[in-house]
Each structure stands twice: as structure tokens, then as C-alpha cells.
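Scroll down for the structure; my scribbles are underneath it.
The values are calculated or read from the model by the stated rules, or taken from the named source; none is laboratory data. Computed from a predicted model, the values in this text were never measured in an experiment. Ideal geometry is used to build each Cβ from the backbone, glycine not excepted, and the neighbour counts take in all protein chains shown.
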Amino acid sequence: MNTTAPSNMPSPITDKSSFRRDILGLRGFAVLFVLADHFNFPGTEAGFIGVDMFFVISGYLIIGLLLKEYLHNGKSLGGYGWISIGSFFQRRIRRILPAAIFVMAVIFLASLLIQDGEFKKQTRQDSLWSLLFVGNINFAQRQTDYFASSDLASPLMHYWSLAVEEQFYLLIPFLFMAVVNWHGFSVAGRRLQARPRIMLVLATLCILSLTSLIILSFNPSDGLYFQTFPRMWEFLVGGLAALLKPKISHRSKIYLLLLRRVSYFTLALSFLFISPASSMVVLVFPVFATAIILYVNQQLRFGFLFEKVLINSMVTFFGRISYSLYLWHWPILIYSKYLGLQLTWMSSVGLFFAAVGVSVVTERFVERPFLRVGYIADFYSPGILKSRRVTAGAFLVLAGGLFVATYQPLISTYISKVTAEREQAYWTPPLEDPGVISVSPSKQPKTSPPEPITSKKSVYLGIFGDSTVQCCSATGAFWPRLLARNFNWQFADYSRPATSFLNSGVGSNGCTRAEDCPSVEGQLAAASKKSFDAISITSGIGDCLMARKKPDELQRDIQKILQNFRRTYPTALIFTTGLAVPIVGSNSDCNSRMDNIIRSASEASNIIYIDLSRLVSNPTDQLTQDLSHLNDSGHALIAKYLVSKLKETPEFLKMAEK
């Protein structure tokens, strides 16, 4: 079947037909906001709103382009328009893939020069996720904290926004075709034209997406920042601005000028006052301000701020290279930190200009040549794609697949609780005579612990407890790995989220039945036949309720568990830790209660107790955004402290002598 457009068919509208210098200016400001934030320039903590501005601009351009193509082609077909889905994806591929793949290849090759096996492995995995444009799902599943210290971050973490954007591009043409071809669509008995139909559907989706963001913001997780559907409203707000018909009366122009000035002011205030600690709901201010500016500028292309600021040649220059600049700035920042560069004012300026320089080259020799390539063919939608049933079905399948992929961690957690299945350890510890097992080391923190101590035989560390030891690092650099690297130890991790000390520990850990609750007691039973030289036990949050109601009984039960550890591993170095993460709210007294109980139980069981309760001094830098877990900096802090404390113990010295 011939898939090329007949000679009487109009050609698809290209991106150039929508070119506006003011949009380049907005893109320039957006990328400068992001770079200022990442390079730690003073007073730029809200720079991350630049990404949200990009999303609004993308929605405005893409949906506006689809509508123009539909209406343009409909003129030659008696009002029945169509869009070329093949050409749409071809344009997106030419616009996004060349620079994205080129920068990704450089990042991957550069990672091979880093003497860190764990970093290489993580970069290789992140490259695959990013290449498939599902990197946001990868970081959401790993509960990555976007606002944590970038010392140990992935050099591909910024590809999450490209993934969200591509997922939007994947869905929107099928949704658009399904709605505009739904000619029987009516509201209150009144049949709607194509533009009102698509506006009504997009507005509904926008409300649903924003509502999901508001609901999830009440109990936010670090992965929320990367999820697709709670971000979709930003694209749709931009798309709705493109679908609105212009107001041409004199009075409406006066109101629009006033509205544009308010939007400029709102955008400036957002940059000054929004912070990483703010709820994501406050993004409605910069998002709607950007959409209003785009809508008004389409009709009123004059004014002091418009002419002197927004279409200023310097600002539009950064807008022209904004895509390459966004791709390059993050890996340049991350690799410079791996090389030991401290982010001072001068070094930040130097890195900024380095990113600008390489971006200019990439835009000129990678982006631009592909944009100038002619169409491979002037595709038009074959008959099957014009069927609203087929296009609606394709949209539902794609949307359902993205939903399942995005929320797979929640589904998996629910299933694991119901079935009470426990995952295997990272490696199987030896039973009697252990051999040497190679484990990839993780990235050392900038405040690196002392040089590793070389022991005469392999030492095996067993990790028991809750998610304090396995969440939430951008690169998997949890403190047990850092601890093991410093001592050249191998380790097996039996820890699980929401773990209490007791099998009967139904408390504040989210369990409703004792048999579904992971426990230190159960972890010991699972590992009782394994051989360990050192053991770490970190738990307690799940026992807060019992600590308040029956503290003496809880202490006796924990003491029995610790004594069981000592009987099972009589010669091992066993240590327990206090709660490292300060608990706020109604359970704020949990730290002191549990620390006292664990300390007393440890001393009575001849087990080392290491107090971590006062170690976290700067929660915004050392904890995740919701202040519930350690981030990269927090894990590095804990690891260094434990190294110093363990080296002071007689048990460690005896083990080192062996």
C-alpha cells in the first residue's frame, strides 16, 4: 500500500511554521534557571522550575502544531482534517535523538575512565533506561531524591525530563486523533467541533493529573518528582493555551497586557521564593504564568519586557542552545566532582562556560544538520489510523502500559506484603570455609573515610534491619557498602523496608498482621546457617508504638533477640545502632525511647551499641525531601562515623589481627 501523500494532499506543517523568538527567550530563561540551581549560584534554589517551564512550552508547541496541521489539511478535504502521525514521530526523532544519544555515548565512555566498578555498573544501567526514554521510571523506582547532594548522583539523572517528555509525545498524537475523529462527541445534546472537543478532553485530563499531584503531595515520596501522570498537567496547560482562540478586541488587549505583566511578576516571584522544600503543588504558579505569557505573546508582540528582555539576542542565544546545554551541564558537573573539584564561585563560572562552549558545538554540528534533513517521505495517516476506535485503543494501551510501569514499585510492594516472600541476599554467605568473593565497590563520599585496612582473609558482614540501610541513594551508595569498602569486607543484606525487631511487631511500620511484618527476628532465622564475621543491626521505627505502651516488655524481647544473635555468632563483631533519622510529628519521642531500649538491650547482651541519634545535624542536606530516609550525603556521614567508632573497639582489633 502506498503510504506517501497524494499530490493533491498538503504537506505536513513543520516546526518552523511555529517559530517565535519569544519562545526562544522563555527557553533561554528556563535553561539558565536550571543551570544556576545546579551550579549552586547564590539565591537560585528555585531554578528547578525551569524544567516545568520547558514542559509547558513543549505542550504549547506540540498541541498547537497538531491543531494547525489538522485544520490546514482539512481545508482540502471539505473540513475533515487529518494529521500525519508518521511525520510527527519523524520530526520528534530528528529533534531529540541525535543530541541525546551523542551526549549519552560520551557520558558512557567517560564512565569507563572512572576507577569505580559500582559507578560503571550504575551508569551502564542508567544508559539503557535513558536510551529507552524511561529513565524517570528508573529513578522513581530507586526512590532517588532529586534535591539531594549531587556528589554521588548519576550523570544521566537529568534524562528523566526527556523521558517524561517523550512519553507525552508518544501518547498525545493518538489521543488527538481519537478525539478529533469522534464526530459524534456531544455535551448536553450539543455536538462539539474539533477544537472544543479536544479542549474539553485535555482540560479533563489536566484536572485529573493535577488532582493526582495534590493527593500524592500529602504523603510525598522521592519518586513522585519523576512520575509521568502527576506531571502531565504541565504539558496540558501549555496545550490548552495553544488551543485558545485569540482575543482581538481593544478591551481584551488591555486586559491581556495586564495579565501578561502579572504573569511576568509571578514567574519572578516563583524563582525567588519557591524552594526544594516547597510542595510540588506550588508549581501551578510558574506553570500557569508561563502558559499565559505564551498565549498573550501570540497576539501582542510588543512591550518593554517583550522587546528588551524576552527577545533579547543574548537570551535567545541561550534559548537556541538550550537543549544541548541542558544535556551537557549535568555530566560536566558530576564528572568534575568525581575529579575532586570543589564548587566555588569561580569553578561554577568556569564549568558554566565549559558547558556553553560544548553546547554551541553540539547544536551546530549535531542538532542542526539533522533538523535540515528533508522528510524521508511525506507520510499521511492511512485509513486504519483514522479510525477513532483504533487510535483510542492505541492511546489506552500506551497509557495503561506507562501507568503500570510507573506504579510498578507500589504494586510489587503490595504483592510482597501479601505473599510475605523474602528476597535472597546479594550473595550467599559461606557455611564454613569461605572463599574470596568479589564485590564491586561503590562510590566513596567526598568526605572519604580512612584508607581501607587489608585483612589476611575475607571478612563477611551481615546487614539486618529496616530501610535505613538501603534507602534512598541515587547510586545505591548505602552506608553498608561504604563501610564494607573501607574495610575490604564482603556483605550480605537481609534488611527490608518497614522492619521491626519482633515478629509480633505490629505497630507504626504499616503492617496490619503480624505474619506480614518483616522483622529482625525473622531475618536472623533466614540467615542462621550462614557464617558472618561482623553483623550490623539497625531497626526500631516499627516498634515505636510498643515502646510507648510496653517499654519494659519490648526491652526484654529485643534483649532475647540480641542474645540469640550472640549465641548464633559467638565470635562475630556485632553492633547495633540508634535511629539515625529524626522522627517528627506525633512520634517525635520515638528516637529517645527506642535508643534507650536498644542501648540497654545491647549492653545486657554483650553487643556494641553505636549512637547515631545526634549525627544528622542538617536534615535538608542529609535526608531525603520528605525527611524520612538518608540521602547520599547522609549515608556517607553514617559510614564515616561507623568506621571511626568500630576501629576503637577491641573486637575490631582482634578481627583485624586475624
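In segment 67-87, is there at least one residue being under 23 Å from the mean Cα position of the chain (by Cα), crowded, with 17+ Cβ neighbours inside 10 Å and of a type in the set (D, E)? Let's see the steps before the verdict.
Looking only at segment 67-87, we keep the residues that are under 23 Å from the mean Cα position of the chain (by Cα), and these are none.
No, that holds for no residue.
So S586 clears everything in (1) assigned to a helix (DSSP H, G or I); (2) at pLDDT below 75; (3) surrounded by 22 or more Cβ atoms within 10 Å (Cβ to Cβ) except one condition, right? Which one?
(3)
Go through the residues of segment 62-72 one by one and say whether even a single one is closer than 21 Å to L341 by Cα, touching a Gly at 6+ places or on another chain (Cβ under 6 Å) and in the same structural domain as S336 (by TED's automatic domain parsing).
no
Per-residue answers, yes or no, for (1) over 25 Å from the mean Cα position of the chain (by Cα); (2) surrounded by 14 or more Cβ atoms within 10 Å (Cβ to Cβ):
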site	(1), (2)
P331	no, yes
F353	yes, no
V366	yes, yes
F370	yes, yes
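Within segment 623-636, take every residue that is buried (at least 24 other Cβ atoms within 10 Å of the Cβ), touching a helix residue (DSSP H, G or I) at 6+ places or on another chain (Cβ under 6 Å) and outside any loop (DSSP other than H, G, I, E, B) and give me the one that is modelled with the lowest pLDDT.
It comes out as D632.
For residues that are of a type in the set (A, V, I, L, M) and in contact (Cβ under 8 Å) with a residue 24 or more places away in the chain, tally how many sit in segment 180-206. Lay out the reasoning, then the answer.
Here is the first cut: in segment 180-206, the ones of a type in the set (A, V, I, L, M) are 180, 187-188, 192, 194, 198-203, 205.
The next check asks that each one be in contact (Cβ under 8 Å) with a residue 24 or more places away in the chain; those that pass are 180, 194, 198-199, 201-203, 205.
Number satisfying all stated conditions: 8.
Out of segment 313-327, which residues are surrounded by 16 or more Cβ atoms within 10 Å (Cβ to Cβ) and farther than 11 Å from V31 by Cβ?
The answer is T316, and nothing else.
Within segment 205-262, take every residue that is of a type in the set (K, R) and not in a helix (DSSP H, G or I) and give me the one that is farthest from K68 (Cα to Cα).
Taking the candidates together, the pick is K247.
Residue-wise test of (1) at pLDDT 85 or above; (2) within 21 Å of S336 (Cβ to Cβ).
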position: E118; (1), (2): no, yes
position: S127; (1), (2): yes, yes
position: Q143; (1), (2): no, no
position: Y146; (1), (2): no, yes
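Among all residue pairs at least 6 apart or on different chains, which show Cβ distances below 8 Å where the first residue, located in segment 269-286, is surrounded by 15 or more Cβ atoms within 10 Å (Cβ to Cβ) and the second is outside any helix (DSSP H, G or I) and modelled with pLDDT of 95 or more?
Pairs found: none.
A quick yes/no check of all residues on (1) modelled with pLDDT of 90 or more; (2) over 13 Å from V103 (Cβ atoms); (3) assigned to a helix (DSSP H, G or I):
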position	(1), (2), (3)
H329	yes, no, yes
I332	yes, no, yes
G340	no, yes, no
V349	yes, yes, yes
A354	yes, yes, yes
V361	yes, no, yes
R364	yes, yes, yes
F370	no, yes, yes
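Looking only at helices (runs of 4 or more DSSP H) that lie completely in segment 42-141, which have at least 1 residues being closer than 29 Å to F29 by Cβ and among the acidic types (D, E)?
49-74, 117-131
What are the pairs with Cβ atoms under 8 angstrom where one residue, in segment 290-306, is part of a helix (DSSP H, G or I) and the other, located anywhere, is hydroxyl-bearing (S, T, Y)? Sequence gap at least six, or different chains.
Close Cβ pairs (under 8 Å, with a partner that is hydroxyl-bearing (S, T, Y)) amount to T290/S263; A291/Y60; I292/S263; I293/S263; I293/Y264; L294/Y60; V296/S263; L305/Y264.
Looking only at segment 307-319, which residues are part of a loop (DSSP other than H, G, I, E, B) and under 21 Å from G238 (Cα atoms)? Spell out how you get there, then give the answer.
Looking only at segment 307-319, we keep the residues that are part of a loop (DSSP other than H, G, I, E, B), and these are 311-312.
Passing the criteria: only I311.
For (1) modelled with pLDDT under 85; (2) surrounded by fewer than 20 Cβ atoms within 10 Å (Cβ to Cβ); (3) over 19 Å from E603 (Cα atoms), each residue gets a yes or a no:
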{"position": "E515", "(1), (2), (3)": "yes, yes, yes"}
{"position": "S519", "(1), (2), (3)": "yes, no, yes"}
{"position": "S531", "(1), (2), (3)": "yes, yes, yes"}
{"position": "A547", "(1), (2), (3)": "yes, no, no"}
{"position": "L562", "(1), (2), (3)": "no, no, no"}
{"position": "T568", "(1), (2), (3)": "no, yes, no"}
{"position": "T577", "(1), (2), (3)": "yes, no, no"}
